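Throughout, read-outs are computed from the coordinates displayed, never taken from laboratory work. Given the structure is predicted, the values throughout are model-derived calculations rather than measurements. Cβ atoms come from the backbone with ideal geometry, glycine included; neighbour counts cover every protein chain shown.
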Amino acid sequence: MPPREKLARLRRLVPPLVGDALDNLRASWRAQALTLAGIVWGAASVVLLLSLGSGFNDFLDFGFGKTGDRWVAVDPEYTSTEAGGRLPGRRIRFTVRDLDRVRAGVPSAGRAVAENQDIVPVVTPRRTRATVVSAAGPELFHIQNHAVGRGRYFDADDERRGRRVAVLGADLVEVFFGDLDPLGRTLQIGGEPFEVIGVLVRKGWQFMTNSDIHDRMIFVPLSAGLRALGDGETIETILVEPRRIQDEPVVRREVRAALWPLHNLPPEETRAVSFMSVPEISEPSRRIFFVLQLLLGVVGTVTLAMAGTGVANLMIAIAHERRAELAVRRTCGARRADLMLQLLVETAVVVLVGGTLGVAIGLSAVLLIQVAPLPPDFPPPRILPSVVSTTFLVLVAVGLAAGVAPARVAARVDPASALRVT
Amino acid sequence: MGALIALRDVRKRFSLGEGEVEILRGIDLDVDEGEFIAIMGPSGSGKTTMLEILGALSRPSAGSYHFDGDAIESHDDDALADLRAARMGFVFQTFNLMPRMTAVRNAALPLLYAGAGRAEREARARGLLERLGLGHRLDHRPGQMSGGERQRVAIARALVNDPRVVLADEPTGNLDEKTGREILELFDDLHGGGRTLIVVTHAPEVAERAGRVIRIRDGRIESDAAA
Ligand SMILES: Nc1ncnc2c1ncn2[C@@H]1O[C@H](COP(=O)(O)OP(=O)(O)OP(=O)(O)O)[C@@H](O)[C@H]1O
Ligand SMILES: [Mg+2]
């Protein structure tokens, strides 16, 4: 039969067959309750497990996203080779010239910034406290995903003019100013006055720092900070952000190529700088979470597949029971394939009805967990449209697979037996 | 024009464990358009087996069967199904209606497989049921109907595709005398309208109405005579 006719036949047969299947289910659902329960349970667990999985994933994205998910920190180390008549073990020192080299010579990086961090006494009339202070270019704002809650972040102009301005982590306002409005007020950082121009939005616990340190830090421009915190020249770290996350290895190569001439290093030198990369650090946890999610999905799917076996058995029994009806349909002109289609449709309907109920129950369970009191760091499950559509895809697959054996029973029905119904 | 149905030396064998039994042992038969034939014979003589061959529900083990000039042997399984959908109607002793379908949907069933759309199926089944006096039972299910009404629905199902031949196996076997007579009157009407009917029966009343009676014994035609 040409495909177009086949399609027309399918479109003609399926709607009444679905109707018949629903009628049959309505008439006999009590007898099928146990089997249906298996499908309901299977579908509910797929939804629940996949939602838990995507909750974990969110948690990861969110946790890394808070501090920027793709920068690479370049730190100066000691040389391991002889070069320019100098012995191995020479200390490498970064200055602003290194930053300029990286900015000019690393095309796969979108942003680069220098950062020095130090713990220094910070003083206000209210309190004196040793505080982590970061001195960095304004690009740090983007690279580490800061968000300003009040006031503003320092900008290129502040940096160029060496203005002594400061942006506070969210938790420091109370510490240093109590109930007062911190904007426009002054902090003594390492003995020098800095004006507060902004307060960051609270980040909470951060995956990268394994703490809430960004909420308890002060951020100042590099130019002013270098003077207040260090020798005015030495840079501790350069953060580089690849344009695309997959360019991270290229960035490393380009950074070496850009810095080596500046420090008279031979190509075989590998130890002079070290790299600490967020993508590299997050990779193992992402892999674990991916495997976890896969596992949860597999557990759910296996549950559903087992329930599908139950439906297949039920439908095989039903096909046998209805051999007389099926034979009569053959006398009415049903082809073998039409009867197979009938059993496939009927099986799929059973699976989809049970499955829809299960999805609804699974979603309700997810909603319940979301509002339930959870342990503090437990990532709440999340309902994604893709979770629901994946579940239905699995259900359709299970329904069709479960329908194969019953369809074969239907195909074997002898049309002549219609004349011998007793 | 040739006969509507032509059987030549048709044999039907069934395998029984080790051996084989030959149930039909060389049947020759021509049926012309518009005939009303009764097939009679003792129980186990092969009547139903013959009807099953005539209805293209199974193939002869040997011999040839031409329906409307076509050799059935050359048809594949789908072609036989399509032939039944378009040109044959069946009436059974046990009615064999779909228990969860209304009268209309039961009667319309062959049209579904013959390729009619929903509206046409409904309209034709309705019209036919009304003509058979079941206008008040259209949306009833078989469980809500009497035996005679059920058999009428079954007859409507057999007629709905306007078949070339209606094949019935003991159509009055499960009905009381009065209801049986009503069904037979219906058959008379159909015959009067030019419909070809082949009815397997034990009942002499059927044979009385048929134009031709074929008697079968041990898988052979014993007699074939105008009634
Ligand atoms: N599929 C089959 N396999 C084996 N034997 C069969 C099969 N179908 C029919 N028979 C045998 O063929 C013989 C004839 O059966 P058939 O049903 O044609 O008889 P019948 O004339 O219709 O009898 P009745 O009047 O009792 O309905 C019987 O002995 C029956 O057991
Ligand atoms: Mg019989």
In nanometres, the difference between 0.36 nm per residue of separation and the alpha-carbon distance of A:LEU22 and A:LYS6 is 3.4 nm
Here the gain from full extension of A:THR234 to A:LEU400, 0.36 nm per residue of separation minus their alpha-carbon distance, amounts to 53.0 nm
With R₀ set to 30 angstrom, the calculated FRET efficiency between the beta-carbons of B:ALA123 and B:ASN174, to the nearest 0.05, is 0.50
Taking a crude spin-label model, label points 7 Å out from Cα along the C-beta direction, the A:ALA365 to A:ARG86 distance in nm is 6.3 nm
Computed over chain B: longest principal axis from alpha-carbon atoms vs helix B:77-87 long axis, angle to nearest 10 degrees, is 60 degrees
Per residue convex hull volume, Cα only, chain B, in Å³ is 133 Å³
From DSSP H assignment alone, runs of 4+ in the protein assembly as shown each adding -39500 (n - 2.57), the sum over residues rounded to the nearest 500 puts [θ] at 222 nm at -15500 deg cm²/dmol
Here the FRET efficiency for A:GLU192 versus A:ILE288, based on Cβ atoms and R0 = 41 Å and rounded to 0.05, is 0.35
Taking a straight Cα-to-Cα line shorter than 25 Å from A:LYS203, and setting aside same-chain lysines fewer than 8 residues away, one finds A:LYS66
In nm, the gap between the two label points placed 7 Å beyond Cα toward Cβ at A:VAL148 and A:ALA33 is 6.5 nm
Across all Cα atoms of chain A, Rg and the largest Cα-Cα distance (Dmax), in Å, are 33.3, 106
Computed about the Cα centre, the charge dipole of chain B from +1 Lys/Arg and -1 Asp/Glu charges at the Cβ has a magnitude in debye, to the nearest 20, of 700 debye
Any lysines whose Cα falls less than 17 Å from that of B:LYS47, other than same-chain ones fewer than 8 residues away, would be B:LYS12
Rounded to the nearest Å, the spacing of the alpha-carbon centers of the range A:347-422 and the range B:50-121 is 36 Å
In nanometres, the difference between 0.36 nm per residue of separation and the alpha-carbon distance of A:ASP61 and A:VAL421 is 123.1 nm
Computed over chain A: longest principal axis from alpha-carbon atoms vs helix A:336-371 long axis, angle to nearest 10 degrees, is 40 degrees
Check: C-alpha center the range A:98-146 vs C-alpha center the range A:233-259, spacing in Å is 16 Å
Check: C-alpha center the range B:159-183 vs C-alpha center the range A:269-330, spacing in Å is 55 Å
Rg (one decimal) and Dmax (whole number) from the Cα set of the range A:289-335, in Å, equal 18.5, 57
